There are 2 protein chains.
Amino acid sequence: MKLLPFTDVKITDAYWMEKIELVRRVVLPYQWEILNDRVQGAQKSCCIRNFRAAAGEIRAPHSGVVFLDSDLYKWLEAASYSLAIGADSRLEAWAEEAVELIAAAQQPDGYLNTYYTLMKPDKRYTNLMEGHELYCAGHMIEATVAYSQASGKNKLLGVALKLARHLYDTFMHQSKYPGHPEIELALFKLYEHTGERFCLDLSKQFLDARGQGENQMEKERLDPGHEWIWEDMKRFDNAYFQTHLPLREQESAEGHAVRAMYLYAAMADAAKAADDEGLKDACKKLFLSVSGRRMYVTGGIGSSSFGERFTSDWDLPNDTMYCETCASVGLMLFARRMTALTGDVSTYSVWERALHNTVLAGLGGDGKHFFYVNPLQVIPAVNHGNMAMEHVKTVRQSWFGVACCPPNIARTLLSLSGSIYAQNGGDLYVLAHIESELEKDGLCVRLTRESGGYCLYVLGEAVNLRLRIPEGCIMTGEGAVERDGELIFRHPGGQAVYSYTLIPRVRLVYADPRVLYNNGKACLMRGPDVYCLEEADNGPDLSAVYLPDNAAFLEDEGDIREGLPVIRAQGLRADARDGALYGEDAPRFTPCGLRFVPYRYWGNRGENEMLVWFNVKHCAQAREIKEEPK
Amino acid sequence: MKLLPFTDVKITDAYWMEKIELVRRVVLPYQWEILNDRVQGAQKSCCIRNFRAAAGEIRAPHSGVVFLDSDLYKWLEAASYSLAIGADSRLEAWAEEAVELIAAAQQPDGYLNTYYTLMKPDKRYTNLMEGHELYCAGHMIEATVAYSQASGKNKLLGVALKLARHLYDTFMHQSKYPGHPEIELALFKLYEHTGERFCLDLSKQFLDARGQGENQMEKERLDPGHEWIWEDMKRFDNAYFQTHLPLREQESAEGHAVRAMYLYAAMADAAKAADDEGLKDACKKLFLSVSGRRMYVTGGIGSSSFGERFTSDWDLPNDTMYCETCASVGLMLFARRMTALTGDVSTYSVWERALHNTVLAGLGGDGKHFFYVNPLQVIPAVNHGNMAMEHVKTVRQSWFGVACCPPNIARTLLSLSGSIYAQNGGDLYVLAHIESELEKDGLCVRLTRESGGYCLYVLGEAVNLRLRIPEGCIMTGEGAVERDGELIFRHPGGQAVYSYTLIPRVRLVYADPRVLYNNGKACLMRGPDVYCLEEADNGPDLSAVYLPDNAAFLEDEGDIREGLPVIRAQGLRADARDGALYGEDAPRFTPCGLRFVPYRYWGNRGENEMLVWFNVKHCAQAREIKEEPK
């Protein structure tokens, strides 16, 4: 199966276009100003300044984190998608400015990195663990492919191929690999875009070397002459870098969550390209480890702030977790490749879960505020008073010193059209039900919402239309066959319209009982969308809220502009105890109305309490104990 | 009300004497060897070595933490109580050796601190925030009073009074105070023991200065010339040191939990001595803040590892908390003084809760292993995998670099006889039902357990016998009146025996619903004793355990030698979900037998899961909703 690229598809869906336009009109220009240090009151980025200095335009030392170059690359990647969506002469000029600057900062031998060029020109590739040179190179290459596809202009492609060739000459015959994966999936993209076989070979070399023989991360870590960038990293183990085992032997998702996702995505690419069963098997195990034992219901990953990493199975604290927006972007990258690799559309529900919940929550309604960390519960007094939650912000922040997440959200949303359709021989998959138009090799497809249902207009040769049924939804269509989570129409060729309905079910969702923090609790979902309680709607002390497990739900248009209704239910509140912190009276309850909003919407009404997993009060006793008659 | 001192009372209770003898026969000799660096395999203490160096016996720099002197003082205090319990010539010789050493280390002007004497003789009292000179002086004075009371020997008393006089001369007319309270309650003890009024005055001066005018902690912290001992402390605020407000204006328990308890205890002493209503009022508010909103059910305090401190109301995480053993020792000190101050015996249940649960849990069954941090839930894989729990040990440790808790447990248990009886005019209180003998001013009391009940043998003048009813217990006695949590016998004078029964009720206990982490859960208590589930008895995945809220409990002698039975009940286990981490089927349950052990016993059978708060399955529906008929 192959996902059809963003260049073949145009989104027309009002909700998603509003998000996309927010990114195009607000986020991208704002980020450009940030990168240029022109936003008053915001922390200086110094990103563009570093490039100017590396290009010799100005004299200045490097400022900011060592991987800051990637901010410009991710911005350029997003800007390229934006230009493919619609012309924007101002943005086009900025993108060209970026391209010129990147080209000018490249060294004669193809090397490209402003930090090492400015600060440690003789130390290139001596700190692969922390230096992020290959990480930045990867984002440069991803930006290049996007820019080349969107604009048809080839200037940056030359820079990227020169960089890739330089990397090939440096690393192809060494057993080295980056501390932060990214170059692997980027080289694979460059190979797919250009057909340059050496890019595929180098990507594969990085993957094959990882975790084999002498551990490169450990070697650097134990080197007394190692020049540390982050002293904290001394405490990290090989699993943090996913170098604890050869990739084919890794069975559980370990270490830094973003690193893991970028690595696993590249593994899936490589497994598919080479039809490599061993690697495919490892990918399946790792995907199951994430989605079956280490993922939050919101598609967040990374249970620990220290190391922004995976911890152990079922360890999913709702308050101290990391759940970085970028990690969920990475999970989307991994999940879409798993769908392409296995042809199993159910894996795409992980992509959808991450996008609909954590990734969208990362972006504030104004396009200028972002969450890096995505908690599942917030009590402002507790969050401010307890340092275990120091990293959790209770409201979205305007721009962070480490600015990975905002440009990652931007490139994800602006390339969304490349995540809707897929093809496999005579099958056309509709993976996401987003109103859109596809034109590809004589096949025209238009997906629209009409009077409560969906219509798929198809023009072209015979094809099986395989529509993924999203998680928690009921889909029906006249003349369609339902099978394995798909609704299948057989298009005999010519022109036809296929109608179907897609009804997201509002329901309580429970976690496996090994998730200690969620036992006795449930969350509310509507289709793939997780809902939450906010203080703004329900008053404080959300911890005291209980929902009967036979509650009825009422959808209500609401005023939240999130493409989703608010949901009302009759709940209960456990009464505060009179004076005594502990007592033997079982809790007493007072009925209360509850209003749930989509998780992705939370935190848009100022600082307040938020809760995803609430207490459930079992009312339907008969269904709870196996041994009792029904 | 005045608690009768340890010198007047002899414990005969088998359970407590076994603990006490464990401390006398194992802990004290072991600690002495540790202090002398003679335990193979254990980290070197260097405590005695520092004293030898300060005394000029050897030439060596100071080693170990800056407050290490207090280890010897706490050991000597405990050893003194031990000598009062029974003769022990070896221990007596060690104690005399310690006394000689302490006297020899005192400087001609009365100053006494090995760290500053050896390392920074010209920097005395320049770092009150971190230097712990006054803290160590306090423990020296506490040791002195105990040694003097137990042995009748006065050599150390001279050293202590000389030290106290030196402190008076230095601090009485300055607005300074220590970063770590302790000197205040110690000076009060010295005043009570000697009648030296200047000790009371200086104690009061330290209390009155605290949080008034220019903040001394802040001044030191902001001083660019400040020589930091712990860089981490730069991040602490004035509340960490309880200097954010004048003491009379403090209403919530803030900052480092041990500091807070030692301070509040001194406040209660001062309030009682001066009959100071304002200070008494502050003590009451602080006591309510701790016991009513910020205390674990185990009597643990300190919700955050960072700063080992209080956080905010209802913030009581069961996994990342600190709950230091020393803080619960401090809570006992505060609670007993609150009982003496207010005459309200219900406050003594906090003393009992801390002792029976957290403090006793700190001491392993072998007398050589200790908990500093006392978690309410442990899943070994989670604890090892998630750095938010790095400070939580899953098994007791043999001895720590910072050795505050083991000697604190020792001195607490060995002085227990001083916490049983209290007097107030014609009232004799029995605060704790521990078999014992009291002889005081012609009054002889013997408390024994006989055939399932208690007998109080009394010989002496007329007195009201006021027996505190412990939390969660039913007490009845023929001829007794029950009133305000007391069972009162009127002893008309002469000789008599009063019989009563004390039945600890086994029951589920619930937390206030504002405690987010405990909602939908309960813990099991028997009288004042908290119980827990351990993997050793119940298998892994304790998070899946549910108990019906109408469960019946069976007490069972068991083999745990903790003076308490094990408790059995029929519970349920939520079934693991097949494959899916999240699902919409309500949990299904399988019946299972459960075995609860006392919390203080946990961790004596190797590393395993432990859980205090388990899920409750509501079975008695009618009592749960107010609006429904009973």
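The values are calculated or read from the model by the stated rules, or taken from the named source; none is laboratory data. Bear in mind that the values here come from a model prediction, so they are computed numbers and not experimental data. In this analysis, Cβ positions are derived from the backbone assuming ideal geometry, glycine residues included, and neighbour counts consider all displayed protein chains. For the accessible areas, the whole protein counts, side chains as well, though only heavy atoms, and no ligand, DNA or RNA atoms are used. Shrake-Rupley method; radii C 1.70, N 1.55, O 1.52, S 1.80 Å.
Given the structure, is B:TRP32 modelled with pLDDT under 95 and open to solvent by less than 10 Å² (accessible area, probe 1.4 Å)? Yes; evaluated as a whole, the condition is true for this residue. Sub-7 Å Cβ pairs linking a first residue in the range B:527-544 that is within 16 Å of B:GLU562 (Cα to Cα) and away from chain A (no Cβ under 13 Å) to a second residue that is assigned to a strand (DSSP E or B) and aromatic (Phe, Trp, Tyr), at least 6 apart or interchain, are B:TYR531/B:PHE596; B:CYS532/B:PHE596, ordered by first then second residue. Go through the residues of the range B:517-532 one by one and say whether even a single one is more than 22 Å from B:HIS356 (Cβ to Cβ) and of a type in the set (A, V, I, L, M, F, W, C). Looking for residues that are more than 22 Å from B:HIS356 (Cβ to Cβ) and of a type in the set (A, V, I, L, M, F, W, C), one finds none in the range B:517-532, hence no.
Regarding the range B:465-474, can at least one residue be identified that is of a type outside the set (A, V, I, L, M, F, W, C), within 26 Å of B:GLY425 (Cβ to Cβ), away from chain A (no Cβ under 14 Å) and surrounded by fewer than 20 Cβ atoms within 10 Å (Cβ to Cβ)? No, the range B:465-474 has no match at all.
Would you check if B:GLU482 is assigned to a strand (DSSP E or B) and free of Cβ contacts under 8 Å to residues at least 24 places away in the same chain?
Numbers: assigned to a strand (DSSP E or B): yes; free of Cβ contacts under 8 Å to residues at least 24 places away in the same chain: yes.
Considered against the rule, which asks whether it is assigned to a strand (DSSP E or B) and free of Cβ contacts under 8 Å to residues at least 24 places away in the same chain, B:GLU482 comes out as yes.
Looking across the range A:603-617, the residues that are touching a Cys at 6+ places or on another chain (Cβ under 9 Å) and either part of a loop (DSSP other than H, G, I, E, B) or closer than 22 Å to B:VAL509 by Cα (or both) come down to A:VAL612, A:TRP613, A:PHE614.
Checking A:GLY225 against (1) in contact (Cβ under 8 Å) with a residue 24 or more places away in the chain; (2) part of a loop (DSSP other than H, G, I, E, B); (3) more than 19 Å from A:TYR73 (Cα to Cα), which single condition isn't satisfied? Of (1) in contact (Cβ under 8 Å) with a residue 24 or more places away in the chain; (2) part of a loop (DSSP other than H, G, I, E, B); (3) more than 19 Å from A:TYR73 (Cα to Cα), only one is false for A:GLY225: (1). Evaluated against (1) touching a residue at least 24 places away in the same chain (Cβ under 8 Å); (2) over 30 Å from A:ASN36 (Cα atoms), A:MET387 falls short on exactly one condition, (1). The residue that is surrounded by the most Cβ atoms within 10 Å (Cβ to Cβ), among those in the range A:557-597 that are in contact (Cβ under 8 Å) with a residue 12 or more places away in the chain and among the acidic types (Asp, Glu), is A:GLU562. Taking the conditions (1) open to solvent by 30 Å² or more (accessible area, probe 1.4 Å); (2) in contact with a helix residue (DSSP H, G or I) (Cβ under 6 Å, 6 or more places away or on another chain) in turn, B:GLN205 satisfies each one other than (2). If you go through the range B:362-382 and keep only what is within 14 Å of chain A (Cβ to nearest Cβ) and either touching a Phe, Trp or Tyr at 6+ places or on another chain (Cβ under 8 Å) or in contact (Cβ under 8 Å) with a residue 24 or more places away in the chain (or both), you end up with B:VAL373, B:PRO375, B:LEU376, B:GLN377, B:VAL378, B:ILE379, B:PRO380, B:VAL382. Here B:ALA432 clears all of (1) crowded, with 19+ Cβ neighbours inside 10 Å; (2) of a type in the set (A, V, I, L, M, F, W, C); (3) in contact with a strand residue (DSSP E or B) (Cβ under 6 Å, 6 or more places away or on another chain) except the condition numbered (3). Go through the range B:545-562 residue by residue and tally those that are modelled with pLDDT of 95 or more and at the interface with chain A (Cβ under 8 Å from one of its Cβ atoms). Residues in the range B:545-562 being modelled with pLDDT of 95 or more and at the interface with chain A (Cβ under 8 Å from one of its Cβ atoms): 1 in total.
Checking every residue in the range A:591-602 against the condition of being within 14 Å of chain B (Cβ to nearest Cβ), at pLDDT 95 or above, in a strand (DSSP E or B) and in contact with a helix residue (DSSP H, G or I) (Cβ under 6 Å, 6 or more places away or on another chain) gives zero matches.
The C-beta contact set for the range A:155-169 (first residue on the phi > 0 side of the Ramachandran plot, second residue open to solvent by less than 10 Å² (accessible area, probe 1.4 Å) and not in a helix (DSSP H, G or I), distance under 7 angstrom, 6+ apart or interchain) is empty.
Residues in the range B:563-587 that are within 30 Å of B:LYS19 (Cα to Cα) and either within 7 Å of chain A (Cβ to nearest Cβ) or in a strand (DSSP E or B) (or both): B:VAL566, B:ILE567, B:ARG568, B:ALA569. Residues of the range B:490-517 that are closer than 19 Å to B:TRP613 by Cβ and in a strand (DSSP E or B): B:VAL506, B:ARG507, B:LEU508, B:VAL509, B:TYR510, B:ALA511.
For every residue, the table says whether it meets (1) at pLDDT 95 or above; (2) outside any helix (DSSP H, G or I); (3) of a type in the set (Gly, Ala, Ser); (4) within 26 Å of A:CYS283 (Cα to Cα).
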| site | (1), (2), (3), (4) |
| --- | --- |
| A:ASN127 | yes, yes, no, no |
| A:GLN149 | yes, no, no, no |
| A:GLY158 | yes, no, yes, no |
| A:GLY179 | yes, yes, yes, yes |
| A:GLU184 | yes, no, no, yes |
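Quick test for you: out of B:VAL290, B:VAL297, pick the one residue that is in a helix (DSSP H, G or I) and either of a type outside the set (Asp, Glu) or modelled with pLDDT under 95 (or both). I'd like the intermediate steps shown before the answer.
Details: B:VAL297 fails: in a helix (DSSP H, G or I).
B:VAL290 is the lone residue from the list that is in a helix (DSSP H, G or I) and either of a type outside the set (Asp, Glu) or modelled with pLDDT under 95 (or both).
In this structure, A:LEU68 does not qualify as of a type in the set (A, V, I, L, M), under 25 Å from A:THR194 (Cα atoms) and buried (at least 21 other Cβ atoms within 10 Å of the Cβ). Filtering B:ALA354, B:ALA335, B:ALA273 for residues that are open to solvent by less than 10 Å² (accessible area, probe 1.4 Å) and away from every other protein chain (no Cβ under 14 Å) leaves a single hit, B:ALA335. Looking across the range A:482-521 at every residue that is touching a Cys at 6+ places or on another chain (Cβ under 9 Å) and under 30 Å from A:LEU547 (Cβ atoms), the one that is farthest from the other protein chains (Cβ to nearest Cβ) is identified as A:LEU502.
Residues in the range A:129-159 that are under 25 Å from the mean Cα position of the chain (by Cα), open to solvent by less than 10 Å² (accessible area, probe 1.4 Å) and of a type in the set (A, V, I, L, M): A:MET129, A:LEU134, A:ALA137, A:MET140, A:ILE141, A:ALA143, A:VAL145, A:ALA146.
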